[in-house]
Amino acid sequence: MLDSTSPRTTAQTTRDPKRILWVRVGGCLPLNSGGRIRSHHTLTHMLGRCRLHLLELHRECEAPFQEQVPYAHALERVLFPGLPAWSPNQFARFAWPLLRNYATSREPFALERYHSRDFFEVVKERTLSGGFDLVVCDGLAAAAAFEGWEKQRGIPAVLFQHNVEALIWERLASVRRHLIHHLYFHVLAKRMRRREPELCRLFDGVITISQEDAAYHRDSYGLSNVLGCVPAGASTDPRGAPPSVIEVPENPCIAFLGSMDWLPNQDAVVWFIEEILPRLRKSISGIRISVIGRNPPDRLLRLTAHDAGIQFTGTVEDVSAPLRECTLMVVPLRAGSGARIKILESMAAGVPVVSTTVGAEGLPLNSNQDLLMADDVPGITNAILRLLNNDELRRDLAENGLRRIARDFSWSHSADCFFQLTAGLKSRGRPAQVHAPGAYSATP
């Protein structure tokens, strides 16, 4: 099913802007996940420097966000009857698709569930139309749409990698206590480690969001087409550090920020609530936690239903409002990849951060200067108590964070990096056949 809007024009600041086809699974709005935030703000700051056609794949069970985005000259959506957001903790719901995938396919289920023949055909048709100078695949989930016809492609194609997917599943497998989950994640990680570099090699260039991820793609996957990284950005809050940071309230609140339908975030919150929060409450009995993020799973809501000091906000329009009600933010991630925008958003709000090494991975930040880092239960507990009990340290971290964001992180820099990395990129395929007059074109 195809749903498209007519091309729209915007003011152009360049004489001959590059025509870009941007392909992704799901829209960029609402801004309730790290991937959406990265893509949305990068694209917003590309405005006026290119002519952008946005092509999105949406599950029919999830109505696409209808608001027009300012950076797209044309917006096109393909709908498919896919499963809703999945979780191995809902095994009964996904048992048959998972078993069928395991028995009949070598494709990781996390990728196969986005396979749509209609979407693949539209991606190919638009790419070969002759109407674009560059095509960008935004995330690995859409990468299979470019497979099988890469030699026909006459324009360069770039994969924008938000994570090292195999690494996420390997780390999840290592921390899962449930035997079935551990074994399944191990199989998924093994499949992803084979499949991820295969898909990366389809493209003329791979762009990551951190130098660490770029090095991983080169060294562990042996890729020679890694162009570099487009770092994430943030915008500082002009109000500075919030009152809850300047002076700790009697019952301080600790924030966790992140999409709660992402398994590494679920693991982090469960680990914090079960292992770290009880230790904290032995020292400060009134400590509360606010979990800020969309779609908290039922099992987490049941786990914390008896505790009035644990709040799940669900989707919020502006994360800065509930974040600024907290004294600090904790990032107890044990799995993940890429770079955590949640840390930049907290620093930009003037809220100090305690994170694991994995949580702060991919960000050029210094422990004890920009944030505090620890990797085990006693270490994280002690770091949080240090911040709650030391006014000077807490305020210094908040002020240092605000300065670092203003000086070193901006979305305009992210857009600049993207254009620098893709400038002069050539296609390895042969010239595409330009369609006859009347064929699809990206420009009006």
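General observations
- Within the stretch 194-212, considering residues that are modelled with pLDDT of 95 or more and in a helix (DSSP H, G or I), the one surrounded by the most Cβ atoms within 10 Å (Cβ to Cβ): 196
- Going through (1) open to solvent by less than 10 Å² (accessible area, probe 1.4 Å); (2) out of contact with any Pro (no Cβ under 9 Å at 6 or more places or on another chain); (3) on the phi < 0 side of the Ramachandran plot; (4) not in a helix (DSSP H, G or I) one by one, residue 307 falls short only on (1).
- Test result for residue 125, closer than 30 Å to residue 51 by Cβ and at pLDDT 90 or above: yes
- Close Cβ contacts (under 8 Å, 6 or more residues apart or on different chains) running from residues in the stretch 177-196 that are closer than 19 Å to residue 106 by Cα to residues that are of a type in the set (Val, Ile, Thr) comprise 196/164.
- Among the residues listed as 292, 273, the single one being part of a strand (DSSP E or B) and surrounded by 15 or more Cβ atoms within 10 Å (Cβ to Cβ): 292
- Boolean, residue 227 is in a helix (DSSP H, G or I), surrounded by 20 or more Cβ atoms within 10 Å (Cβ to Cβ) and not aromatic (Phe, Trp, Tyr): no
- Search result, residues across the stretch 290-304 that are within 21 Å of residue 381 (Cα to Cα) and under 23 Å from the mean Cα position of the chain (by Cα): 290, 291, 292
- Helices (runs of 4 or more DSSP H) contained in the stretch 358-435 and holding at least 1 residues over 24 Å from the mean Cα position of the chain (by Cα) and closer than 25 Å to residue 265 by Cβ: 377-389, 391-408
- Among residues of the stretch 342-357, those that are of a type in the set (Gly, Ala, Ser) and in a loop (DSSP other than H, G, I, E, B), counted: 2
- The conditions of being in contact with a helix residue (DSSP H, G or I) (Cβ under 7 Å, 6 or more places away or on another chain), surrounded by 23 or more Cβ atoms within 10 Å (Cβ to Cβ), at pLDDT 95 or above and not polar (S, T, N, Q) are met by residue 157.
- Taking the stretch 300-340 as the range and being modelled with pLDDT of 90 or more and either touching a Gly at 6+ places or on another chain (Cβ under 6 Å) or aromatic (Phe, Trp, Tyr) (or both) as the test, the residues that pass are 312, 331, 333.
- Test: residue in the stretch 246-256 that is small (Gly, Ala, Ser) and either modelled with pLDDT of 90 or more or open to solvent by 10 Å² or more (accessible area, probe 1.4 Å) (or both): yes
- Within the set 430, 404, the sole residue that is at pLDDT below 95, out of contact with any Lys or Arg (no Cβ under 8 Å at 6 or more places or on another chain) and not hydroxyl-bearing (Ser, Thr, Tyr) turns out to be 404.
- Applying the criterion of being of a type in the set (A, V, I, L, M, F, W, C), out of contact with any Asp or Glu (no Cβ under 9 Å at 6 or more places or on another chain) and in a loop (DSSP other than H, G, I, E, B) to the residues of the stretch 310-341, the residue that is most open to solvent (accessible area, probe 1.4 Å) is 316.
- Positions within the stretch 295-304 being assigned to a loop (DSSP other than H, G, I, E, B) and either of a type in the set (Phe, Trp, Tyr) or out of contact with any strand residue (DSSP E or B) (no Cβ under 7 Å at 6 or more places or on another chain) (or both), in sequence order: 295, 297
- For beta carbons closer than 9 Å, sequence separation of 6+ or different chains, a first residue in the stretch 165-176 that is open to solvent by 40 Å² or more (accessible area, probe 1.4 Å) and a second that is outside any helix (DSSP H, G or I) and modelled with pLDDT under 85, the qualifying pairs are 165/337; 171/336; 171/337.
- Residue 241 buried (at least 22 other Cβ atoms within 10 Å of the Cβ) and not in a helix (DSSP H, G or I): no
- Residue in the stretch 125-147 that is most open to solvent (accessible area, probe 1.4 Å), counting only those that are assigned to a loop (DSSP other than H, G, I, E, B) and more than 14 Å from residue 203 (Cα to Cα): 133
- Taking the criterion of being among the basic types (Lys, Arg) and either touching a Leu at 6+ places or on another chain (Cβ under 6 Å) or surrounded by 15 or more Cβ atoms within 10 Å (Cβ to Cβ) (or both), the residues of the stretch 276-289 that qualify are 279, 288.
- Filtered residues of the stretch 276-289 (kept if part of a helix (DSSP H, G or I), out of contact with any strand residue (DSSP E or B) (no Cβ under 7 Å at 6 or more places or on another chain), without any contact (Cβ under 8 Å) to a residue 60 or more places away in the chain and not charged (D, E, K, R)): 278
- Candidate set: the stretch 15-35, residues that are farther than 14 Å from residue 47 by Cα, assigned to a loop (DSSP other than H, G, I, E, B) and open to solvent by 10 Å² or more (accessible area, probe 1.4 Å); chosen: the one modelled with the highest pLDDT: 26
The values are calculated or read from the model by the stated rules, or taken from the named source; none is laboratory data. Only a predicted model underlies this, so the values are computations on that prediction, with no experimental measurement involved. Because the Cβ atoms are built from the backbone with ideal geometry, glycine has one as well, and the counts that use them run over all protein chains shown. Ligands, DNA and RNA are stripped out before the accessible areas are found, and what is left, the full protein with its side chains, is counted by its heavy atoms. Shrake-Rupley method; radii C 1.70, N 1.55, O 1.52, S 1.80 Å.
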